[in-house]
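Encoded as structure tokens, the structure appears first; notes follow it.
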Amino acid sequence: MSMIRTALVSASAVMALTAASVSTSAKEATHPQAEAQALDLSMKSIAIRSVRGEGNKTIDVARLYKDTLVKAGWADGDIEITPVDDTAYLIATWKGSDPALKPLVISGHMDVVEAKRADWVRDPFGPVVEDGILYGRGASDMKFSGALALASLIELRREGYKPRRTIIIEFSGDEETTMKTSGIIAERLKDAELVLNIDGGGGLLDEASGKPLLWTWDGAEKTYGDFKLEVTNPGGHSSAPRAENAIVQLATALERIGAYHFTPELNPLTKAFFENAAKFESDPKTAAAMRAFAANPRDEAAIATLRANPATVGMIGTTCVPTMVNGGHALNALPQRATANINCRIFPGHPLPEIMAELEKVAASPAVKFSDVTEGSVATPASPMRPDFTAAVEKAMAKVYPGVAVFPSQSSGASDSMWFRHVGVPSYGASPVFGKVSEEFSHGLNERIRLSNIRPGVTYYLSVLTDLSK
């Protein structure tokens, strides 16, 4: 299929491309204007280099989104773009008819991680469509998802829907880095009823057939944590070694931490995930381990199997690994200082100080000083399994992918949901986007997304947003 770049895509070309590429699995009527707009907005936003640092153009993505909403009927005063440092965030409000109801929030982000042209096959900021797949930085994380939600919300308004509950769509500007705007937005919207985070959850396609296998929503996420380990001593000439060597002392502590395993654990979300995911696991040993662990999180054989699998090790409890180390000041001198960073992904329910204290106990070395150097993260509990939310997403999935399995999960990464949960607002990762495991390139080279997600995605959002804002 020929390459089509943003600058060359006309409205008619977008319509034709979308019609040729979208899935036919959705049973609802098609929405050609929304489908075309989703692709158009995706390509225009991907072309904007919204990366932290010099030349950050995140605010231009916000302006693109605002212009799109204003043209669709939003009042200029109902859309706010707020600059923060070198980035910005956007909050757009569609007022409901009942001011007594707390608002429904749709949450996403506009920034992306760095991408260097020399490393990519294609220009990361020159979106390209080939054989029904959109390539570019932000294709899967998460400019396509943002465009799909915006186009669907606009379609809902175009069709004459009038929400009873106010609908707010917001996009943070530094989710991939410091999450400063994420915290600001959550604080401002802490009176919300619930948050639909379109940067989480999603579906899995079969590798061979491409057919949808399952779809999960995120109801919790692990806490991100960084701990600095430091050893100092007087140093001296390397020709006169001493019993206490900062590098050796640090290395000993790191070896103990590297060999340590936190106690495996379950919560209602991960229990439901393992019970359901086992049905779709192709490896019989892994499937059996999933079922056994869900039944008994102390099952040693199950733990060993899941711990040995990179895809499941992060799901069974807290993990902490050394990620950086630095030591010494000269080739011919005893080290005066040695430092390391331990990065942790902490199971919900455990505060950062508790985990640091456990690591100190494992290190068992008074010479190693620990400090919490975590930035942009807070510990949060899981969101409740609300019947109104689960009913809405299950109904929507049944419309577009009849018979597909729907069940909860817990994310091992961090998202803006963390900040909403921190202020007491339930937040759920619930993106309708499906993909193959082999096509997961978020944060990596040649990031991509299937355009077959557009049509069912629009139908999904029209259903979910209507049900949650009635």
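The values are calculated or read from the model by the stated rules, or taken from the named source; none is laboratory data. Because the structure is a prediction, the values reported are computed rather than measured. Don't worry about glycine lacking a Cβ; one is built from the backbone with ideal geometry, like all the others, and counts go over all protein chains shown.
Quick grid of which residues meet (1) under 23 Å from Asp78 (Cβ atoms); (2) outside the structural domain of Leu39 (by TED's automatic domain parsing); (3) modelled with pLDDT of 95 or more; (4) in a helix (DSSP H, G or I):
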{"position": "Arg122", "(1), (2), (3), (4)": "no, no, no, no"}
{"position": "Val129", "(1), (2), (3), (4)": "no, no, yes, no"}
{"position": "Leu134", "(1), (2), (3), (4)": "no, no, yes, no"}
{"position": "Glu155", "(1), (2), (3), (4)": "yes, no, yes, yes"}
{"position": "Tyr161", "(1), (2), (3), (4)": "yes, no, yes, no"}
{"position": "Glu170", "(1), (2), (3), (4)": "yes, no, yes, no"}
{"position": "Glu176", "(1), (2), (3), (4)": "no, no, no, no"}
{"position": "Thr181", "(1), (2), (3), (4)": "yes, no, yes, yes"}
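Going by what's in this entry, would Gly138 be described as touching a Ser or Thr at 6+ places or on another chain (Cβ under 9 Å) and modelled with pLDDT of 95 or more? Here the answer is yes, as Gly138 does meet what is asked. When the range 391-422 is filtered for residues that are touching a strand residue (DSSP E or B) at 6+ places or on another chain (Cβ under 8 Å) and not hydrophobic (A, V, I, L, M, F, W, C), the ones remaining, listed by number, are Glu394, Tyr401, Pro408, Ser409, Gln410, Ser411, Ser412, Gly413, Ser415, Asp416, Ser417, Arg421. If you go through the range 220-249 and keep only what is among the aliphatic types (A, V, I, L, M) and within 30 Å of Ala272 (Cα to Cα), you end up with just Ala220. Checking the structure you have, find out if any residue of the range 42-59 is surrounded by fewer than 21 Cβ atoms within 10 Å (Cβ to Cβ), in contact with a helix residue (DSSP H, G or I) (Cβ under 8 Å, 6 or more places away or on another chain), without any contact (Cβ under 8 Å) to a residue 24 or more places away in the chain and farther than 26 Å from Tyr460 by Cα. No: the range 42-59 contains no residue that is surrounded by fewer than 21 Cβ atoms within 10 Å (Cβ to Cβ), in contact with a helix residue (DSSP H, G or I) (Cβ under 8 Å, 6 or more places away or on another chain), without any contact (Cβ under 8 Å) to a residue 24 or more places away in the chain and farther than 26 Å from Tyr460 by Cα.
In the set (1) surrounded by fewer than 20 Cβ atoms within 10 Å (Cβ to Cβ); (2) in contact (Cβ under 8 Å) with a residue 40 or more places away in the chain, Ala396 fails one condition alone, (1). Ala382 meets all of the listed conditions (1) in contact with a helix residue (DSSP H, G or I) (Cβ under 7 Å, 6 or more places away or on another chain); (2) surrounded by 13 or more Cβ atoms within 10 Å (Cβ to Cβ); (3) at pLDDT 95 or above but one, namely (3). When we screen Ala294, Ala311 for residues that are within 25 Å of the chain's Cα centre (by Cα), more than 30 Å from Ser239 (Cα to Cα), of a type in the set (A, V, I, L, M, F, W, C) and modelled with pLDDT under 95, the only hit is Ala311. Within the range 224-234, restricting attention to residues that are within 32 Å of the chain's Cα centre (by Cα) and surrounded by 23 or more Cβ atoms within 10 Å (Cβ to Cβ), the residue that is farthest from Phe434 (Cα to Cα) is Leu229.
When the range 188-213 is limited to residues that are in a loop (DSSP other than H, G, I, E, B), aliphatic (A, V, I, L, M) and touching a residue at least 40 places away in the same chain (Cβ under 8 Å), the one that is surrounded by the most Cβ atoms within 10 Å (Cβ to Cβ) turns out to be Ile198. Quick check, is Ala363 at pLDDT below 95 and buried (at least 19 other Cβ atoms within 10 Å of the Cβ)? No, not satisfied.
Of all the numbered requirements in (1) outside any helix (DSSP H, G or I); (2) out of contact with any strand residue (DSSP E or B) (no Cβ under 8 Å at 6 or more places or on another chain); (3) under 30 Å from Gly160 (Cβ atoms), Asp467 misses one, and that requirement is (1). The requirement of being in contact (Cβ under 8 Å) with a residue 40 or more places away in the chain, part of a helix (DSSP H, G or I) and under 29 Å from Met385 (Cα atoms) is not satisfied by Thr305. Does the range 257-275 contain at least one residue that is more than 27 Å from the chain's Cα centre (by Cα), at negative phi, among the β-branched types (Val, Ile, Thr) and surrounded by fewer than 16 Cβ atoms within 10 Å (Cβ to Cβ)? No, that holds for no residue. Restricting Leu64, Leu104, Leu69, Leu90 to residues that are free of Cβ contacts under 8 Å to residues at least 24 places away in the same chain, within 16 Å of Glu170 (Cα to Cα), touching a helix residue (DSSP H, G or I) at 6+ places or on another chain (Cβ under 8 Å) and not polar (S, T, N, Q) narrows the list to Leu64. Ser442 passes every criterion in (1) surrounded by 15 or more Cβ atoms within 10 Å (Cβ to Cβ); (2) in the same structural domain as Leu148 (by TED's automatic domain parsing); (3) touching a helix residue (DSSP H, G or I) at 6+ places or on another chain (Cβ under 8 Å) apart from (3). Applying the condition of being exposed (fewer than 15 other Cβ atoms within 10 Å of the Cβ) and assigned to a loop (DSSP other than H, G, I, E, B) to the range 424-439 and asking which residue is farthest from the chain's Cα centre (by Cα) yields Gly424. Among the candidates Val113, Val84, the residue that is in the same structural domain as Thr30 (by TED's automatic domain parsing), within 16 Å of Asp416 (Cβ to Cβ) and at pLDDT 95 or above is uniquely Val84. Within the range 401-420, residues that are in contact (Cβ under 8 Å) with a residue 40 or more places away in the chain have Cβ atoms under 6 Å from residues that are of a type in the set (Lys, Arg) and assigned to a loop (DSSP other than H, G, I, E, B) in these pairs: Ser412/Lys222, counting only partners at least 6 apart in sequence or on another chain. Across the range 235-256, the qualifying residues are those that are more than 44 Å from the chain's Cα centre (by Cα) and outside any loop (DSSP other than H, G, I, E, B), and the one among them that is surrounded by the fewest Cβ atoms within 10 Å (Cβ to Cβ) is His237.
For the range 340-360, filtering for residues that are surrounded by fewer than 16 Cβ atoms within 10 Å (Cβ to Cβ) and free of Cβ contacts under 8 Å to residues at least 12 places away in the same chain leaves 2.
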